[in-house]
Amino acid sequence: MSELHLISPNDELSRRNGSAILTVARELSYAAHARGTQSVVGGGRNQLKDLDFAVEAIQPPSANRAAEIADGVTKLLFGKSLRAAKIDALPDVQYVFAHNLPWLGGEIAKKFPEARRILYVHNRILTGAPPITIRRVLSAFDVVICVSEYIRTDLLRRAGRAPACRIVVVYNGVDYEKFSAAEAGKEFASDVAFVGRIIPEKGASEFAKAVAKVSSVRPLTVTFVGGKSFLPSDHESGYEREVRQILENSEAEVNRTGPIPPARIPAIMNAAKVVAVPSVWPEPCALVFLEAMASDAAVLASRVGGLPEVGLDAGVTFVEPGDSDGLSRALIELLDNQERREVQSQKSRQWAEERPWAVVYADVRRVVS
């Protein structure tokens, strides 16, 4: 084995899990194998055993409230964790990628003393930690990879000064071929689609309010995909209920699917005229955003985080976050202008076609070698 990608011990290692972090780790592992390099994704739960190159390799600490409090204090004061997840020793590991697991630096060094340690940062980490703690944690790694310049700049700003490691940017990729090969699902044909977790950060309520505004002045068909988590659940959160009620009270024709396996996303997006990514939090480099760019749809997104770094020159229409009025106006403009949609979609697809995971993996190997 050469590479080990560690993800949260609480994430299920399954094709059904739409977790962005798991997707990145999985795609990098696949790309490594395509180049003849052994690579596995290590997590804590592999009950379904439907994911290639996946192993149970990390155990979460036992639940103990007093220990959690003491651990939090130790993290802030000394930049070390008393309760870091435990990693199983695996043979012949040369590179260990810790995906959003900044506190594992010491544990990785113990289990894999000869391996290069890489922290892969997918969103804001170490929030609330003082600068000295951030520098200590980052310095336990040889390289820190950030998925956008937004994340890199934010991390360096909060660190106060550059830590003793390289901090670089490697943008995420997308499997363009899956989208170009997927036929639009006729049952999902819609004017606009929303795909994502139904949580406040993703702007689901802003999207629902925009749908209500647009459908009050013109016919509108909507595909609404997702739930509060990546996997199906029988329990509806209060926020999900609020969003559902706004959609049900609108005049739009809405197809709500709940969470679905990632393999079905291309057909759903290709069947939409517009895919909306209305996040209200600073998305670093959202995979659903890149997938929308790979689809046949025009992309309408919030101007947040690292999304403009990718989308401004790639045909994406941006609106201000949290502005359901602006979102509704932009949606009407796109739906009323087929030529504009086609031009923007072509530009977005071109970007996506040039950013397959093989290219991302080559970038990763270049910066960690």
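Since every read-out is calculated from the coordinates, none of them should be taken as a lab result. Model, not experiment: these values are computed from the prediction. Here the Cβ positions follow ideal geometry from the backbone for every residue, glycine too, while neighbour counts run over all protein chains shown.
Odds and ends about this structure:
- Of all beta bridges that DSSP places with both ends in the chain, some 5 percent have antiparallel geometry.
- Selected from Leu312, Leu126, Leu138 as most flexible by GNM, with the chain as the system and alpha-carbon contacts under 10 Å: Leu312
- Secondary-structure-derived ellipticity at 222 nm for the chain, considering helices only, amounts to -11500 deg cm²/dmol, per-run term -39500 (n - 2.57) for DSSP H runs with n ≥ 4.
- Ascending count of other beta-carbon atoms within 10 Å, so fewest first, for Phe194, Phe318: Phe318, Phe194
- Remark on His122: its backbone amide H falls under 5 Å from those of Asn100, a criterion applied only to residues 5 or more positions apart or on other chains, H modelled at 1.01 Å from N.
- GNM flexibility winner over the chain from Arg124, Arg135, Arg157 (Cα, springs under 10 Å): Arg157
- Segment 141-182 versus segment 18-45: alpha-carbon centroid distance in Å: 17
- Per-residue Karplus couplings for segment 309-322, computed as 6.51 cos²θ - 1.76 cosθ + 1.60 with θ equal to phi - 60°, are listed in order as 4, 8, x, 4, 9, 10, x, 8, 8, 10, 10, 6, x, x Hz, Gly and Pro entered as x.
- Rounded, prolate or oblate (a/c below 1.5 giving rounded, otherwise prolate when a/b exceeds b/c) for segment 176-353 by Cα gyration tensor: rounded
- Aspartates and glutamates with Cα under 18 Å of Lys186, excluding same-chain neighbours fewer than 8 positions away: Glu253, Asp296
- The chain - charge dipole about Cα centre, Lys and Arg +1 at Cβ, Asp and Glu -1, debye rounded to 20: 1300
- For Arg355, Arg166, the sequence from fewest to most other C-beta atoms within 10 Å is Arg166, Arg355.
- Pairs with C-alpha atoms separated by more than 32 Å, drawn from the list Lys110/Lys202; Lys111/Lys202; Lys110/Lys228; Lys111/Lys178; Lys202/Lys347; Lys111/Lys228, are Lys110/Lys202; Lys111/Lys202; Lys110/Lys228; Lys111/Lys178; Lys111/Lys228.
- Averaging Cα coordinates gives a centre for segment 289-354 and one for segment 252-267; these two points are 19 Å apart.
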